[in-house]
1. Going by what's in this entry, would ARG81 be described as over 23 Å from TRP169 (Cβ atoms), basic (Lys, Arg) and surrounded by fewer than 19 Cβ atoms within 10 Å (Cβ to Cβ)?
2. Does at least one position in the range 46-56 carry a residue that is farther than 25 Å from VAL177 by Cα, in contact with a His (Cβ under 7 Å, 6 or more places away or on another chain) and surrounded by 15 or more Cβ atoms within 10 Å (Cβ to Cβ)?
3. Within the range 141-182, take every residue that is within 18 Å of the chain's Cα centre (by Cα) and free of Cβ contacts under 8 Å to residues at least 12 places away in the same chain and give me the one that is nearest to GLY116 (Cα to Cα).
4. Being of a type in the set (Lys, Arg) and either in contact (Cβ under 8 Å) with a residue 60 or more places away in the chain or assigned to a helix (DSSP H, G or I) (or both), is that true of even one residue in the range 103-125?
5. Restricting attention to the range 128-172, and to residues there that are part of a helix (DSSP H, G or I) and hydrophobic (A, V, I, L, M, F, W, C), which single residue is surrounded by the most Cβ atoms within 10 Å (Cβ to Cβ)?
6. When you go through (1) touching a helix residue (DSSP H, G or I) at 6+ places or on another chain (Cβ under 9 Å); (2) small (Gly, Ala, Ser); (3) closer than 24 Å to TYR133 by Cβ one by one for GLY85, which number turns out not to apply?
7. Can you name the residue in the range 24-83 that is among the hydroxyl-bearing types (Ser, Thr, Tyr) and in a loop (DSSP other than H, G, I, E, B) and, of all such residues, is nearest to GLY105 (Cα to Cα)?
8. Could you tell me whether ALA68 is modelled with pLDDT under 95 and out of contact with any helix residue (DSSP H, G or I) (no Cβ under 8 Å at 6 or more places or on another chain)?
Amino acid sequence: MRQFTIAVVVGSLRKASFNQQLADGLIKLAPAHFSFTQLDIGDLPLYNQDNDATPAASVKRLKADINAAHGLLFVTPEYNRSIPGVLKNALDHASRPYGQNAWAGKPAGIIGVSPGAIGTANAQQHLRNVLAYLDAPTMAQPEAYIHLRDGLFDENGIGAASQPLLQNWMNHYVAWVEKLAK
């Protein structure tokens with residue numbers, strides 16, 4: 001069976017991040033032929049086009065990690081009805097300079113959790129818009145705008161009540177990557 005490596009991008013740097021917990025739990029729901037590598041985006045300098053010719057080591061590492069992956073998993077919070085700045089910064093770095101877009105052609109899935117009633121619906125839509133421009137085919141269905149509630153997580157990762165929904169999402173994501181990964 002073909003092995004797939006997935007680059008995981010968590011849009012939160014907070015130590016007790018709900019989205020990091022969601023990413024960790026989702027990974028446990030994936031089949032054995034999928035492996036996951038979390039991309040480090042917290043040490044990237046602010047994107048500045050003047051630095052395209054001489055990118056920082058952290059930018060080179062980010063692009064190399066994306067290039068080594070078969071697919072992308074974005075797990076993001078919603079800040080002010082959009083994506084976090086740290087995530088946008090990573091998207092910009094890995095897409096530049098023009099003609100060297102590391103995101104291009106990588107099948108992507110987007111999910112997120114928030115204490116807000118609509119979960120991360122707006123952030124996910126904004127991220128979809130950016131990824132469409134970056135030529136990263138993004139899974140459209142099922143959508144999952146997770147509202148943080150008691151029982152979402154347990155000591156093993158995803159709580160029992162949430163597991164069917166998130167397992168369904170992961171199953172669709174796996175099929176998406178298997179279909180489109182190069």
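1. Numbers: over 23 Å from TRP169 (Cβ atoms): no; basic (Lys, Arg): yes; surrounded by fewer than 19 Cβ atoms within 10 Å (Cβ to Cβ): yes.
Criteria not met by ARG81.
2. Taking the range 46-56 first, the residues farther than 25 Å from VAL177 by Cα are 46-56.
If we keep only those that are in contact with a His (Cβ under 7 Å, 6 or more places away or on another chain) as well, we get 47.
Pick out the ones that are also surrounded by 15 or more Cβ atoms within 10 Å (Cβ to Cβ) and you get 47.
Yes, the range 46-56 contains at least one residue that is farther than 25 Å from VAL177 by Cα, in contact with a His (Cβ under 7 Å, 6 or more places away or on another chain) and surrounded by 15 or more Cβ atoms within 10 Å (Cβ to Cβ).
3. Step by step, filter the range 141-182, then rank; the result is ASN171.
4. Filtering the range 103-125 for residues of a type in the set (Lys, Arg) gives 106.
Pick out the ones that are also either in contact (Cβ under 8 Å) with a residue 60 or more places away in the chain or assigned to a helix (DSSP H, G or I) (or both) and you get 106.
There is at least one residue in the range 103-125 that is of a type in the set (Lys, Arg) and either in contact (Cβ under 8 Å) with a residue 60 or more places away in the chain or assigned to a helix (DSSP H, G or I) (or both).
5. Step one: of the range 128-172, the residues part of a helix (DSSP H, G or I) are 128-133, 163-172.
In the following step, the residues that additionally are hydrophobic (A, V, I, L, M, F, W, C) were identified as 130-132, 165-166, 169-170.
Values: VAL130: 17, LEU131: 19, ALA132: 11, LEU165: 13, LEU166: 21, TRP169: 20, MET170: 24.
The extreme case among them is MET170.
6. (1)
7. Taking the range 24-83 first, the residues among the hydroxyl-bearing types (Ser, Thr, Tyr) are 35, 37, 47, 54, 58, 76, 79, 82.
Next, from what is left, pick out any that are in a loop (DSSP other than H, G, I, E, B): 47, 54, 76.
On the way: TYR47: 22, THR54: 25, THR76: 21 Å.
Out of the qualifying residues, it is THR76.
8. Numbers: modelled with pLDDT under 95: no; out of contact with any helix residue (DSSP H, G or I) (no Cβ under 8 Å at 6 or more places or on another chain): yes.
Answer is no for this residue.
The values are calculated or read from the model by the stated rules, or taken from the named source; none is laboratory data. Since the model is a prediction, treat every value here as computed from it, not as a measurement. Here the Cβ is made from the backbone with ideal geometry for all residues, glycine too, and neighbour counts use every protein chain on show.
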